[in-house]
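The structure appears below as structure tokens.
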Amino acid sequence: MTTVDFNQILSNNAEFLKPFAVTLTRDVETAKDLYQETLYRALANKEKYNVGTNIKAWLYTIMRNIFINNYRRKAKQNTIFDHTPNDFLIDNNQQVTTNEAISGLNMKEVNAAIKSLPDIFRNPFLLYYDGYKYHEIADILGEPLGTIKSRIHFARKLLKAQIERY
């Protein structure tokens, strides 16, 4: 297939992509960019198109893949786009100042709740809280792995009941 033939087929079958782009992006300007990127990729990869196959399906696939890749890229960047007139980007990873007094009181309450647990639950939970793995706790305490898991589960359940705020 010649370049002229491919361009003709592409121009005849590209209009249906615009509504699909708007459906994906839910924004007209972003849809225009997605549409242009799709046509660019189709032209750049015209040798990968098999003559006689459904070009609409091929173009849909290209557009969908571009959209998914862009979505994943934005999710990794963790950036929020503010649609104010000046198009300001807000970085979501801003520093947060914590209230040390409240967190100190909360930790006192949590520690008191942990101390009030029965020994059978407190010891495995404290080891787990300190970062030990389940199998390490089982070895340290000389108990079966399933027993350790259930005791830690019940300790969490008891703590949750005692500290209803969390």
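The values are calculated or read from the model by the stated rules, or taken from the named source; none is laboratory data. The shown structure was predicted, so the numbers you read here are calculated from the model rather than taken from an experiment. Backbone-built Cβ (ideal geometry, glycine too); neighbour counts: all protein chains shown.
In the range 13-28, the residues that are in the same structural domain as N65 (by TED's automatic domain parsing) and within 15 Å of A57 (Cα to Cα) reach residues that are surrounded by 16 or more Cβ atoms within 10 Å (Cβ to Cβ) and hydroxyl-bearing (S, T, Y) with C-beta atoms within less than 7 angstrom, at least six apart or across chains, in these pairs: L17/Y35; L17/T38; K18/Y35; A21/Y35. Against the criterion of being outside any helix (DSSP H, G or I), without any contact (Cβ under 8 Å) to a residue 40 or more places away in the chain and surrounded by 13 or more Cβ atoms within 10 Å (Cβ to Cβ), Y132 qualifies.
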